[in-house]
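The values are calculated or read from the model by the stated rules, or taken from the named source; none is laboratory data. The shown structure was predicted, so the numbers you read here are calculated from the model rather than taken from an experiment. No Cβ is skipped: glycine too gets one built from the backbone with ideal geometry, and neighbour counts run over all protein chains shown. Note: accessible area is taken over every heavy atom of the protein model, side chains too, but ligands, DNA and RNA are not part of it. Shrake-Rupley method; radii C 1.70, N 1.55, O 1.52, S 1.80 Å.
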Amino acid sequence: MKLASMPHGRDGRLVLVSRDLAWYTPADHLVPTLQAALDDWEQHAPLLEALATELEHGAIPRERFHEREVAAPLPRAYQWADGSAYVNHVELVRKARGAELPDSFWHDPLMYQGGSDDLRGARAPITLADEAWGCDMEAEICVVTDDVPQGVTAEDALDHIRLVGLVNDVSLRNLIPGELAKGFGFVQSKPATHFSPVFVTPDELGEAWSGGKLNHVLAVDLGGQAFGRAEAGEECTFDFGTLIAHLAKTRRVGAGSIIGSGTVSNRGADGSPGRPCSQGGRGYSCIAEQRMVEMIVGGEGRTPFLRFGDVVRIEMRDAKGHSIFGAIEGTVTQA
């Protein structure tokens with residue numbers, strides 16, 4: 001199934017979307033919101049699946065689906081926790097601010113608790129008050145869980161993943177060092193997060209979803225030009241089962257919790273940090289990585305962070321070239 005939320009009240013109105021993202025049909029007569037569906041997934045999922053089948057066969061009334069019209073699938077969530085599945089990314093951005101990478105990062109995930117009260121839709125503007133804050137995109141995968149028990153194993157945690165989607169975890173790079181220096185984590189440097197038009201159930205992903213990892217290229221465009229083409233399944237140090245188990249080690253995780261992978265990142269074939277797309281490489285899923293590579297090669301980061309008017313597009317296509325989640329496409333706008 002592919003699920004989305006039309007704007008309505010605080011939590012949206014649940015709709016089902018066809019596999020080709022061309023059509024939708026209301027589902028709020030079965031369950032009003034996506035959060036309500038997740039609260040009792042075992043009861044609601046079979047009814048939603050039956051409706052999705054009717055939608056695919058054109059057996060029920062349907063309307064054209066437009067990605068620009070939807071809210072975030074979960075306009076607000078009980079939890080948004082972002083992990084560090086791609087340690088190569090963590091290593092590069094830490095180097096950029098002169099911090100060493102502890103060896104523990106390769107076997108113990110990093111994770112921070114983000115703001116989940118204002119989750120933005122795929123076409124919502126990236127609102128920024130000051131370009132000097134160093135606004136950056138971070139293209140990621142995310143999953144949404146049902147209720148997860150405390151102390152769940154990484155293997156069992158995979159059974160609690162109900163939905164998969166894409167994220168633009170916007171970061172204000174020039175505010176991060178000062179906040180981390182306080183020893184208490186991100187707040188001001190992590191503004192509102194943007195999500196793909198639809199979230200999908202893992203069965204929609206077929207063989208590309210395996211072992212808690214998604215094996216497709218994550219395309220990132222900046223200003224209409226290819227910026228990143230990282231393969232999400234490669235160099236994913238921590239699968240989503242491991243990230244969920246990390247979060248649930250000392251507490252229960254409630255239905256509707258969103259867990260992010262962290263910025264998708266690949267090394268070059270020779271083990272180097274990789275090359276930009278313009279030079280035949282896979283590029284990067286955030287500007288900070290490209291700037292770090294520029295520093296390694298030429299002594300300084302030359303690529304500017306996002307400026308007013310810049311357009312960021314994040315999308316993933318299947319083996320046949322069809323968009324899976326729709327595209328996140330946001331324009332940087334002065335707040």
Among the residues in segment 168-189, are any β-branched (V, I, T), more than 21 Å from V144 (Cα to Cα) and in contact with a helix residue (DSSP H, G or I) (Cβ under 8 Å, 6 or more places away or on another chain)? yes
Only one of L14, L38, L21 is under 14 Å from V198 (Cβ atoms), surrounded by 14 or more Cβ atoms within 10 Å (Cβ to Cβ) and touching a residue at least 24 places away in the same chain (Cβ under 8 Å), namely L21
Members of segment 128-147 found to be touching a helix residue (DSSP H, G or I) at 6+ places or on another chain (Cβ under 6 Å) and more than 29 Å from N266 (Cβ to Cβ), listed by number: D146
So, in segment 131-148, how many residues would count as being of a type outside the set (A, V, I, L, M, F, W, C) and in a strand (DSSP E or B)? 3
Among the residues of segment 220-277 satisfying the criterion of being hydroxyl-bearing (S, T, Y) and touching a residue at least 60 places away in the same chain (Cβ under 8 Å), which is surrounded by the fewest Cβ atoms within 10 Å (Cβ to Cβ)? T250
Mind checking which residues of segment 47-65 are loosely packed, with under 13 Cβ neighbours inside 10 Å and closer than 27 Å to L119 by Cα? E63, R64
Run down D130, D117, D147 and say which single residue is over 15 Å from the mean Cα position of the chain (by Cα), acidic (D, E), surrounded by fewer than 19 Cβ atoms within 10 Å (Cβ to Cβ) and farther than 25 Å from F308 by Cα. D147
Members of segment 217-240 found to be β-branched (V, I, T) and farther than 17 Å from D82 by Cα, listed by number: V217, V220
Of residues in segment 298-314 being within 30 Å of E207 (Cβ to Cβ) and open to solvent by less than 20 Å² (accessible area, probe 1.4 Å), the one farthest from the chain's Cα centre (by Cα): V312
Restricting attention to segment 157-173, which residues are surrounded by 15 or more Cβ atoms within 10 Å (Cβ to Cβ), free of Cβ contacts under 8 Å to residues at least 60 places away in the same chain and not in a strand (DSSP E or B)? V170
Note on segment 24-35: residues over 19 Å from V164 (Cα atoms), touching a strand residue (DSSP E or B) at 6+ places or on another chain (Cβ under 6 Å) and open to solvent by 20 Å² or more (accessible area, probe 1.4 Å) are P26, D28
